[in-house]
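**Q** Sending over a structure as structure tokens; questions will come in a sec.
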Amino acid sequence: MMRGGCAVAILLAAHSAEARPASTGFFAEGGLGAVAFLPPDSGNAAIGPALDLRIGRDLASWLSFGIFLSASNHEATVPPPPQDQWFQLYRGGADLRIGGLSDHFAFFVEGGAGVAMMSTNVLEKVMTLEPGERFSISFHAGGGIEYQLENRHYAFGLAAAAFYAPQFDNLKGIDARLYLRYTYGGG
Amino acid sequence: MKKLVIGFVLVGCTNNEPQYVTCAPMGPSATDKCSIEADGASALADQQGSLHVPVKPDTDWRAAERDRRMELQMEVDPSVVVPIYRLEHYDLSVEWTVTNLDSAPGTFYVDLNGANEEVGYDPSLIDLDPTSDEDPPAPPLSGAVPIEIPANGTIDGTFREDQLLEAAIDLEQMTRGGYNPFRATLTISKNDEAFAPLAGGAEIPRIAWRQLVRVDIVFRPDHHMRLDFQLRVRPHYDDIIHDKGLNAPADEIVVYDPPDYVYTP
């Protein structure tokens, strides 16, 4: 709680500093990154490339709402057989983002919930999945930093979030991404 | 952007993602065996394992897919029976791992046989020439390749989808076409569109060929080794393969154990 309060205070302070002009309004983000599972599942699936898409709306200069879709591709490293098999983890949902802009940089924290889907049952062997199970609710929380370009509509960002899928035997992972953000709207 | 999102959603909704099927000792196919531990002195029965494909009964299919069989039956010669589980429904492959439990290097064979909804194939029951003691043993549907393994080593392998496809067709050629097992297994038929029974009669088109519903593995090592295997099923239609695999309730999948093929020279 104390830590969360500090984060908000820092963000508000940052927001009050001299900031490069940035649009607020509807936005879209496209990112590339990687997803890694945390123990105990890290031994059953390798780190894999990820694609993230996000659209949303800035409700205020410091608050935005977004929906996202994310897909990551992993090699299953379960005890053989099977060998050299890959699966995809799809995640989608909605989240809230709180942040502020200071000079060229914006900082934010985000959190949300959604649905996760495994493309195959290859992790059934290690009981990450129950027979017939492909979907789980998922929760995520994280933060990031954005670099605002001189063009007020565009920014580059680096973000990381931890996610949790309780139906997948409490699967936990980290999603890190580099993204480009486009915001449609005025300053 | 809209196209990207739609594409992304479609990728997530494809229906032919593979399903990995392993033994389920508490399921309706409890006698399946997908781990074989044997040595050079093991009896044939101890060298064999089986795994069923978790196919749903056609009464649980969508009406359109059930009706398709009737439509196909109208298209082919009346003497040709269109089966329930056809090649178009799913692809199969078998992934296996052999572990040498001995401290000496060795050699092993992994043979693949199987069954469709009408007939099984067990080469050990086939006598190609009852008048001769020197006739060769009947071949398996696939495999029969010696593989060397180091002491305490592990080797992985796969019977690929095209090999299982060929195996399913070979079994059809033997049982419906009257082909000699060697002729069936030594010719490549996976791209054929039809075959004619040797005894005469209407050609059997590809759309009426049966897919395997059970895979049998014979593991022949010369030292103490263990083989573990599992099925990889890639369905092309929804509702054919059960999501829960062999852990499905007994009334939701069909476990086929048809009689074995009897060869008539």
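**Q** Could you list, ordered by first residue, the pairs with Cβ atoms under 6 Å in which the first is in the range B:76-101 and over 19 Å from B:Asp162 (Cα atoms) and the second is β-branched (Val, Ile, Thr), at least 6 apart or interchain?
**A** Correct list of pairs: B:Val80/B:Ile204; B:Val98/B:Ile155; B:Thr99/B:Thr154; B:Asn100/B:Ile149.
**Q** With respect to the numbered conditions (1) crowded, with 16+ Cβ neighbours inside 10 Å; (2) closer than 22 Å to B:Thr154 by Cα; (3) more than 14 Å from the chain's Cα centre (by Cα), which one is the sole condition not fulfilled by B:Ser50?
**A** Going through (1) crowded, with 16+ Cβ neighbours inside 10 Å; (2) closer than 22 Å to B:Thr154 by Cα; (3) more than 14 Å from the chain's Cα centre (by Cα) one by one, B:Ser50 breaks only (3).
**Q** Then there's this: Here are B:Asp260, B:Asp239, B:Asp228: which of them is of a type in the set (D, E, K, R) and away from every other protein chain (no Cβ under 14 Å)?
**A** Just one listed residue meets the conditions, B:Asp260.
**Q** Determine whether B:Ile188 is in a helix (DSSP H, G or I) and farther than 30 Å from B:Asn100 by Cα. Working first, answer last.
**A** Details: in a helix (DSSP H, G or I): no; farther than 30 Å from B:Asn100 by Cα: yes.
Here the answer is no, as B:Ile188 does not meet what is asked.
**Q** Got a sec? Which of A:Ala106, A:Ala113 is under 19 Å from the mean Cα position of the chain (by Cα), surrounded by fewer than 18 Cβ atoms within 10 Å (Cβ to Cβ) and not β-branched (Val, Ile, Thr)?
**A** Being under 19 Å from the mean Cα position of the chain (by Cα), surrounded by fewer than 18 Cβ atoms within 10 Å (Cβ to Cβ) and not β-branched (Val, Ile, Thr) holds for just one of A:Ala106, A:Ala113, which is A:Ala113.
**Q** To continue, here is another question. Taking the condition of being within 27 Å of A:Ala76 (Cβ to Cβ), in a strand (DSSP E or B) and over 17 Å from the mean Cα position of the chain (by Cα), how many residues in the range A:119-152 meet it?
**A** Total meeting the criteria: 1.
**Q** Could you identify the single residue in B:Asp222, B:Asp239 that is at positive phi, of a type outside the set (A, V, I, L, M) and in contact (Cβ under 8 Å) with a residue 12 or more places away in the chain?
**A** On the way: B:Asp222 fails: at positive phi.
Exactly one residue qualifies, and that residue is B:Asp239.
**Q** Condition (residue is within 14 Å of another protein chain (Cβ to nearest Cβ) and either surrounded by fewer than 19 Cβ atoms within 10 Å (Cβ to Cβ) or touching a residue at least 40 places away in the same chain (Cβ under 8 Å) (or both)) applied to the range B:199-218: is it met by at least one residue?
**A** Taking the range B:199-218 first, the residues within 14 Å of another protein chain (Cβ to nearest Cβ) are B:215, B:217.
In the following step, the residues that additionally are either surrounded by fewer than 19 Cβ atoms within 10 Å (Cβ to Cβ) or touching a residue at least 40 places away in the same chain (Cβ under 8 Å) (or both) were identified as B:215, B:217.
Yes - at least one qualifying residue is present in the range B:199-218.
**Q** Taking strands (runs of 3 or more DSSP E) that fall entirely within the range B:88-172, which contain at least 3 residues that are of a type in the set (A, V, I, L, M, F, W, C)? Give the derivation first.
**A** Values: elements: B:90-100, B:106-115, B:147-149, B:154-159.
Answer list for the range B:88-172: B:90-100, B:106-115.
**Q** Considering each of B:Pro258, B:Pro265 in turn, give the residue that is more than 19 Å from the chain's Cα centre (by Cα) and either of a type in the set (Ser, Thr, Tyr) or assigned to a loop (DSSP other than H, G, I, E, B) (or both).
**A** Numbers: B:Pro258 fails: more than 19 Å from the chain's Cα centre (by Cα).
Selected residue: B:Pro265, the only one of B:Pro258, B:Pro265 that is more than 19 Å from the chain's Cα centre (by Cα) and either of a type in the set (Ser, Thr, Tyr) or assigned to a loop (DSSP other than H, G, I, E, B) (or both).
**Q** Say we look at the range B:1-20 and pick out the residues that are within 28 Å of B:Ile253 (Cβ to Cβ) and facing chain A (nearest Cβ under 9 Å); which of these is modelled with the lowest pLDDT?
**A** Keep residues of the range B:1-20 that are within 28 Å of B:Ile253 (Cβ to Cβ), which gives B:12-20.
In the following step, the residues that additionally are facing chain A (nearest Cβ under 9 Å) were identified as B:12, B:14, B:17-20.
Numbers: B:Gly12: 45, B:Thr14: 48, B:Glu17: 91, B:Pro18: 95, B:Gln19: 96, B:Tyr20: 97.
Of everything passing the filter in the range B:1-20, B:Gly12 is modelled with the lowest pLDDT.
**Q** For the range A:50-83, give me the residue count where each residue is of a type in the set (Phe, Trp, Tyr) and touching a residue at least 40 places away in the same chain (Cβ under 8 Å).
**A** Residues in the range A:50-83 being of a type in the set (Phe, Trp, Tyr) and touching a residue at least 40 places away in the same chain (Cβ under 8 Å): 2 in total.
**Q** Tally time: how many residues in the range B:21-47 are within 21 Å of the chain's Cα centre (by Cα) and within 14 Å of another protein chain (Cβ to nearest Cβ)?
**A** The qualifying residues number 11.
**Q** Just need a number here: residues in the range B:104-152 that are over 23 Å from B:Leu231 (Cβ atoms), surrounded by 16 or more Cβ atoms within 10 Å (Cβ to Cβ) and either modelled with pLDDT under 95 or touching a helix residue (DSSP H, G or I) at 6+ places or on another chain (Cβ under 6 Å) (or both).
**A** Selection size over the range B:104-152: 3.
**Q** Of the residues in the range A:29-68, how many are over 15 Å from A:Ala159 (Cα atoms) and within 12 Å of chain B (Cβ to nearest Cβ)? Give the steps one after another, and end with the answer.
**A** Filtering the range A:29-68 down to residues over 15 Å from A:Ala159 (Cα atoms) leaves A:37-48, A:55-65, A:67.
After this cut, where a residue has to be within 12 Å of chain B (Cβ to nearest Cβ) as well, the list is A:55, A:67.
Adding up the residues that qualify gives 2.
The values are calculated or read from the model by the stated rules, or taken from the named source; none is laboratory data. As the structure is a computational prediction, the values presented were derived from the model and not from experiment. Because the Cβ atoms are built from the backbone with ideal geometry, glycine has one as well, and the counts that use them run over all protein chains shown.
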